[in-house]
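Chemist: Submitted below is the structure of interest, expressed as structure tokens.
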Ligand SMILES: Cc1cc2nc3c(=O)[nH]c(=O)nc-3n(C[C@H](O)[C@H](O)[C@H](O)COP(=O)(O)OP(=O)(O)OC[C@H]3O[C@@H](n4cnc5c(N)ncnc54)[C@H](O)[C@@H]3O)c2cc1C
């Protein structure tokens, strides 16, 4: 198995990298760094990427793409995440919301929803998690009732909804349409207009700042029949496909790799007891461990992409890639703390913060990366079951 990139892919990486060096604002830290400028800035960049045909490059031309293969998309994702994902919320549209609409939507839905995504003009949020249904998503209780004329009326609460306050124009919502079957069999996916009467967004203050993560309340929200995606009660299968795409689509290793580069530079320029920190055996060992972990996560992801390209990726592959990516981010946070020492807790605003507060930021970032898109324990369960044939966990 040879994962070397082709000349075309290498040329594209160089071109994209030059573009991003010019276009990504110097202050930009990370998508998971909530501040006022984050969303408007990411919108501007997404529009510029769309102009160049890069935003949805792997989509077919009729939906605003150029039919680029999965490896060009890998190059794009790596370059984005190695800069803290400057596409902002668009990465969700491109990675799985758009592809699910393309695959399961009607022709009318494709025409209506895919073009605005390919032009970087729309923000979607994902309404899956609820206060009592996160890992056990099939337990969700948001209810969608079908009316006599075929519309749906939705009532319930979602939580941890990223970018709902951006504001998102649409919500990719999972709701219960049938209470008389096993929990995961009675769920459907809806494309919900966030401006519809009865939708309320309440931002949550979190580790990443104020906003970006929200509670969303649906109070008798009317949704037209043509905004249901796929068949009624078929939401679970589509969701599983979407989660696999989401997990393979975020190369955390690229994000950790850029942090490793910063750490290496820091050890070269920092003197401890008259010697560069880069000569300290313990520091070198830990940096080497992080280097290897980044590469391992990269290869496991490439394997998942390769199987996905052939249409044979399983939940095992995407869970493995997601889990190793999360563990790599955790290790990056730890190694950052060990390398920088006690000052690694200082925030970027503190003039004494080494590395402009990157060590502190990396430690915070390591926390959501093992929770979002499915907690790491759930990935462990999938791997235990599908990889090792162990019994289902309760
Ligand atoms: C930054 C961020 C952004 C997010 N964005 C969104 C979003 O846009 N839309 C959305 O719908 N959700 C979003 N989420 C929510 C995320 O999907 C959930 O937090 C996640 O699925 C875990 O669910 P929970 O928070 O309810 O925790 P729980 O499911 O209650 O889990 C709590 C703990 O118990 C462990 N646990 C649970 N079940 C098991 C089990 N069977 N075996 C072993 N351990 C178990 C978990 O690993 C975890 O450590 C986001 C979360 C974060 C952190």
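The values are calculated or read from the model by the stated rules, or taken from the named source; none is laboratory data. Quick caveat, the model's predicted, so the values are computed rather than measured. Glycine gets a Cβ as well: all are built from the backbone with ideal geometry, and neighbour counts include every protein chain shown.
Chemist: With 60, 86, 131 as the choices, which residue is surrounded by fewer than 21 Cβ atoms within 10 Å (Cβ to Cβ), out of contact with any strand residue (DSSP E or B) (no Cβ under 6 Å at 6 or more places or on another chain) and either outside the structural domain of residue 215 (by TED's automatic domain parsing) or farther than 24 Å from residue 25 by Cα (or both)?
Modeler: Unique residue meeting the criteria: 60.
Chemist: A further question follows. So is residue 221 out of contact with any helix residue (DSSP H, G or I) (no Cβ under 9 Å at 6 or more places or on another chain), buried (at least 22 other Cβ atoms within 10 Å of the Cβ) and on the phi < 0 side of the Ramachandran plot or not?
Modeler: So residue 221 passes the test.
Chemist: Scanning the stretch 145-177 for residues that are away from the ligand (no atom under 16 Å from the Cβ) and in contact with a strand residue (DSSP E or B) (Cβ under 8 Å, 6 or more places away or on another chain), which turns out nearest to residue 212 (Cα to Cα)?
Modeler: Ranking the candidates gives 155 first.
Chemist: For the stretch 122-144, give me each residue that is in a loop (DSSP other than H, G, I, E, B) and within 15 Å of the ligand (Cβ to nearest atom).
Modeler: 123, 128, 129, 131, 132, 134, 135, 136, 140, 141, 142, listed by residue number.
Chemist: Among the residues of the stretch 313-336, is any without any contact (Cβ under 8 Å) to a residue 24 or more places away in the chain, within 19 Å of the chain's Cα centre (by Cα), outside the structural domain of residue 137 (by TED's automatic domain parsing) and closer than 24 Å to residue 212 by Cα?
Modeler: no
Chemist: Quick test for you: out of 58, 42, pick the one residue that is in contact (Cβ under 8 Å) with a residue 12 or more places away in the chain, touching a helix residue (DSSP H, G or I) at 6+ places or on another chain (Cβ under 8 Å) and not in a loop (DSSP other than H, G, I, E, B).
Modeler: Selected residue: 42, the only one of 58, 42 that is in contact (Cβ under 8 Å) with a residue 12 or more places away in the chain, touching a helix residue (DSSP H, G or I) at 6+ places or on another chain (Cβ under 8 Å) and not in a loop (DSSP other than H, G, I, E, B).
Chemist: Can you name the residue in the stretch 221-279 that is within 17 Å of residue 102 (Cβ to Cβ) and assigned to a loop (DSSP other than H, G, I, E, B) and, of all such residues, is modelled with the lowest pLDDT?
Modeler: Looking at the filtered set, the residue picked out is 249.
Chemist: Ok, one more. Is there a residue in the stretch 352-365 that is within 10 Å of the ligand (Cβ to nearest atom), within 22 Å of the chain's Cα centre (by Cα) and surrounded by 15 or more Cβ atoms within 10 Å (Cβ to Cβ)?
Modeler: Yes, the stretch 352-365 has at least one match.
Chemist: Does residue 32 qualify as being within 16 Å of the ligand (Cβ to nearest atom) and in a loop (DSSP other than H, G, I, E, B)?
Modeler: In short, yes.
Chemist: Are any residues in the stretch 196-220 in a loop (DSSP other than H, G, I, E, B) and over 24 Å from the mean Cα position of the chain (by Cα), and if so, which ones? Full working, then the answer.
Modeler: Within the stretch 196-220, the first condition is being in a loop (DSSP other than H, G, I, E, B), and the residues that meet it are 196-198, 207-208.
Those that are in a loop (DSSP other than H, G, I, E, B) and over 24 Å from the mean Cα position of the chain (by Cα): 196, 197, 198.
Chemist: Check the stretch 107-120 and report whether any residue there is more than 10 Å from the ligand (Cβ to nearest atom), more than 21 Å from residue 55 (Cβ to Cβ), surrounded by fewer than 19 Cβ atoms within 10 Å (Cβ to Cβ) and over 17 Å from the mean Cα position of the chain (by Cα).
Modeler: yes
Chemist: Scanning the stretch 348-376 for residues that are within 11 Å of residue 326 (Cα to Cα) and part of a helix (DSSP H, G or I), which turns out modelled with the highest pLDDT?
Modeler: Result: 376.
Chemist: Within the stretch 61-96, which residues are free of Cβ contacts under 8 Å to residues at least 60 places away in the same chain, away from the ligand (no atom under 16 Å from the Cβ) and in a loop (DSSP other than H, G, I, E, B)?
Modeler: 64, 65, 66, 67, 68
Chemist: Which one of the conditions (1) crowded, with 21+ Cβ neighbours inside 10 Å; (2) in contact with a strand residue (DSSP E or B) (Cβ under 6 Å, 6 or more places away or on another chain) does residue 244 fail to meet, given that it meets all the rest?
Modeler: (2)
Chemist: Going residue by residue through the stretch 38-54, is there one that turns out to be under 22 Å from residue 308 (Cα atoms) and either surrounded by 13 or more Cβ atoms within 10 Å (Cβ to Cβ) or not assigned by TED's automatic domain parsing to the domain that holds residue 369 (or both)?
Modeler: Within the stretch 38-54, one or more residues are under 22 Å from residue 308 (Cα atoms) and either surrounded by 13 or more Cβ atoms within 10 Å (Cβ to Cβ) or not assigned by TED's automatic domain parsing to the domain that holds residue 369 (or both).
Chemist: While we're looking at this one, here's another question. Would you please list the contacts, defined by Cβ atoms under 6 Å and residues six or more apart or on different chains, that run from a residue in the stretch 1-17 that is not assigned by TED's automatic domain parsing to the domain that holds residue 54 to a residue that is part of a helix (DSSP H, G or I) and exposed (fewer than 12 other Cβ atoms within 10 Å of the Cβ)?
Modeler: none
Chemist: Okay, next question. Give the number of residues within the stretch 166-180 that are crowded, with 19+ Cβ neighbours inside 10 Å and either at pLDDT 95 or above or part of a strand (DSSP E or B) (or both).
Modeler: 9
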